1. State all residues of the range 79-117 that are part of a helix (DSSP H, G or I), of a type in the set (S, T, N, Q), surrounded by 12 or more Cβ atoms within 10 Å (Cβ to Cβ) and modelled with pLDDT under 85; if no residue qualifies, say none.
2. Can R9 be described as out of contact with any Lys or Arg (no Cβ under 7 Å at 6 or more places or on another chain) and modelled with pLDDT under 90?
Amino acid sequence: MIVFLLVDRSESYIGEQLQIQRFLIQDNNNVTVFSIIQQKNEKSAIRVDWRVARTSHLMKVVDVIIEGTSISNTLRSDFRSIIRSQGQSISGLLEVLRKKTLNFAGRLHTKTYANMV
């Protein structure tokens, strides 16, 4: 779900400059990368931090924190709210996520096709 969110929202930053400022190694498996996105028409930059973790032999982004707001924490809160609204049902959450995934895939396909024409 994080991947879908990032792809969907990152389109507005195409062509903008991402600057890695520093990184912090927390342990053998976890690193935080501190960066900013400098927008061409804006004076202030957007702070974007990346939590990266080793899973087996790969490094993966496990959270993105934009201007201090964690996408993982936001999604976790959203999931709790959906579960509550679906009568404490995990299957209700899964159904909502399936619909969102299909919706996103359809929009992505439409954008890809539009760019090809």
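1. Just the residues of the range 79-117 that are part of a helix (DSSP H, G or I), to begin with: 79-85, 90-116.
If we keep only those that are of a type in the set (S, T, N, Q) too, we end up with 81, 85, 91, 101, 103, 110, 112, 115.
From what is left, the residues that are surrounded by 12 or more Cβ atoms within 10 Å (Cβ to Cβ) are 85, 101.
Across the range 79-117, the qualifying residue is only T101.
2. Details: out of contact with any Lys or Arg (no Cβ under 7 Å at 6 or more places or on another chain): yes; modelled with pLDDT under 90: yes.
Yes: the conditions hold for R9.
The values are calculated or read from the model by the stated rules, or taken from the named source; none is laboratory data. Quantities reported herein were computed from a predicted structural model and do not represent experimental measurements. Cβ: placed from backbone, ideal geometry, glycine included. Neighbour counts: every protein chain shown.
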